[in-house]
Amino acid sequence: MMLTHAQRDRLVDLRRDFHRHPELAHEEERTARVIAERLRSIALDEVCTRVGRTGVVGVLNGARAGRRVMLRADIDALPLTESDHGQPYRSSREGVHHACGHDGHTAILLTVAEVLAARRDDLRGSVQFVFQPAEERVDGAAGMLRDGVLEPTPDACFGLHLWNEVEVGRIDVRPGPIYASADAFVIELAGSGGHAAMPHQVADPVVAAAELIVALQTLVSRESPPMEPAVLTIGSIHGGTAPNIIPSCVEIQGTLRTFSPGLRARLLTRIEAVMTDVARTFRVEPKLLMTDACPACINDAPMAELVQRVGTRVLGASNVGQQQQTMGADDMSEFLNAVPGCYFFVGAANAERGLQSPHHSPTFDFDERALDIGVQMLTSVALEYLEAG
Ligand SMILES: [Zn+2]
Ligand SMILES: [Zn+2]
């Protein structure tokens, strides 16, 4: 399956248009408008906007009855300024940059919709195109679920992430976990506050916080099985105003990452227990607030096999890897939790052309040949799944 010249030009134009006009999580108004207009112009059977605030969903019904497959792309950008490396499609908005490749994901899925819509007369089953907002806040998928995006429930779901850890021309796909769960939390330790020279009169939340941070680190080093990945990072600590005042409150923020739902549940329980016990020891009042939660992305084995098979056909066996896993999080997991599916990586780096910056960096950009590969992969995966039904 090859794209026509016109389709390929449109694909790159779409990506560059989204890249020039990036929008942050939950603010994807223009992006959603462009997506909806495009989906209407190719005459999908249904186009719904405002699904999970700024999400868009399109449905294509093939002429022949069959299964329903969901394809997902995330559409949001990040709060950082793009560096100028002479690219003609540089972000027009200071402080907002498509630094994760979601502009590419959006353009790819729109093109897949166009390609599949053109063959609806011999298409078996139906395809649901899900354009999900706010992935970078890992709560966009949850909003779409609340708005009923999985009713009726699709039989399978697939998605891809352009990936600068992998050279363009390759894909990477594996069964099991590929992105970690992410649980963000805030801990408040409250004492009474007082004079730095008279610590015996107060309960000191600064010393309690120091002890707590060290104690929390032992949850990974001493309580997690060494063969099961887990990360507990305290990324923020705030308290106090002067050297001679013991403050009345210290606030700590952190994130927990795991691949295993069981380990995740156990460590969350232990974070609370360790906090409570350390606070008791130091006579301060603890409060735990869970802010964001996202499960691990776990690929269904038969679905991962299907993607591997398609990848081998499209790119050749030597270009299909299965190494990529990250302790980063992606809320594609919300869909994978509910529907068997597979999320895979499409290589987007080109070292020779200097396109290998890490995701989320000011210089992030990718080789646009990856767009074409993404369209071929996702289209073929959808067709293969529907035809086998
Ligand atoms: Zn990202
Ligand atoms: Zn991303």
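The values are calculated or read from the model by the stated rules, or taken from the named source; none is laboratory data. If you're wondering where the values come from, they're calculated on a predicted model, not measured in any experiment. Here the Cβ is made from the backbone with ideal geometry for all residues, glycine too, and neighbour counts use every protein chain on show.
With the structure loaded, tell me whether V186 is of a type in the set (V, I, T) and in a strand (DSSP E or B) or whether it fails that test.
In short, yes.
Which ranges mark the strands (runs of 3 or more DSSP E) fully within region 268-369 that have 2 or more residues being charged (D, E, K, R)?
Answer list for region 268-369: 285-294.
Looking for whichever is among the β-branched types (V, I, T) and either within 16 Å of ligand 1 (Cβ to nearest atom) or surrounded by fewer than 23 Cβ atoms within 10 Å (Cβ to Cβ) (or both) here; the options are V149, V115, V130. Which one fits? Let's see the steps before the verdict.
Working: V149 fails: either within 16 Å of ligand 1 (Cβ to nearest atom) or surrounded by fewer than 23 Cβ atoms within 10 Å (Cβ to Cβ) (or both); V130 fails: either within 16 Å of ligand 1 (Cβ to nearest atom) or surrounded by fewer than 23 Cβ atoms within 10 Å (Cβ to Cβ) (or both).
Exactly one of V149, V115, V130 is among the β-branched types (V, I, T) and either within 16 Å of ligand 1 (Cβ to nearest atom) or surrounded by fewer than 23 Cβ atoms within 10 Å (Cβ to Cβ) (or both), namely V115.
Find the residue count for region 48-82, including only residues that are surrounded by 15 or more Cβ atoms within 10 Å (Cβ to Cβ) and in contact with a Pro (Cβ under 7 Å, 6 or more places away or on another chain).
Going through region 48-82 one residue at a time, the tally reaches 12.
Anything in region 80-107 that is within 16 Å of ligand 1 (Cβ to nearest atom), of a type in the set (A, V, I, L, M, F, W, C) and within 16 Å of A348 (Cα to Cα)? List them, or say none.
Answer for region 80-107, where residues must be within 16 Å of ligand 1 (Cβ to nearest atom), of a type in the set (A, V, I, L, M, F, W, C) and within 16 Å of A348 (Cα to Cα): A99, C100.
Considering only region 300-347, state which residues are over 21 Å from V130 (Cβ atoms) and either crowded, with 23+ Cβ neighbours inside 10 Å or within 16 Å of ligand 2 (Cβ to nearest atom) (or both).
G311, Q324, Q325, T326, M327, G347
Inside region 362-380, can you point out the residues that are surrounded by fewer than 20 Cβ atoms within 10 Å (Cβ to Cβ) and touching a Leu at 6+ places or on another chain (Cβ under 8 Å)?
Matches in region 362-380: P362, D372.
Any residue at all in region 160-172 that is charged (D, E, K, R), in a strand (DSSP E or B) and either at positive phi or within 16 Å of ligand 1 (Cβ to nearest atom) (or both)?
yes
Here are some conditions: (1) of a type outside the set (G, A, S); (2) outside any loop (DSSP other than H, G, I, E, B); (3) on the phi < 0 side of the Ramachandran plot. L3 meets all but one. Which one does it not meet?
Of everything listed in (1) of a type outside the set (G, A, S); (2) outside any loop (DSSP other than H, G, I, E, B); (3) on the phi < 0 side of the Ramachandran plot, L3 misses just condition (2).
Would you pick out the residues in region 92-131 that are more than 16 Å from ligand 2 (Cβ to nearest atom) and either touching a Pro at 6+ places or on another chain (Cβ under 8 Å) or of a type in the set (G, A, S) (or both)?
S92, R93, G95, A113, A117, A118, G125, S126, Q128
Only one of these conditions is not met by D9: (1) within 18 Å of the chain's Cα centre (by Cα); (2) part of a helix (DSSP H, G or I). Which number is it?
It is condition (1) that D9 fails.
Would you confirm whether any residue within region 193-201 is part of a strand (DSSP E or B) and in the same structural domain as V278 (by TED's automatic domain parsing)?
Yes, because at least one residue in region 193-201 is part of a strand (DSSP E or B) and in the same structural domain as V278 (by TED's automatic domain parsing).
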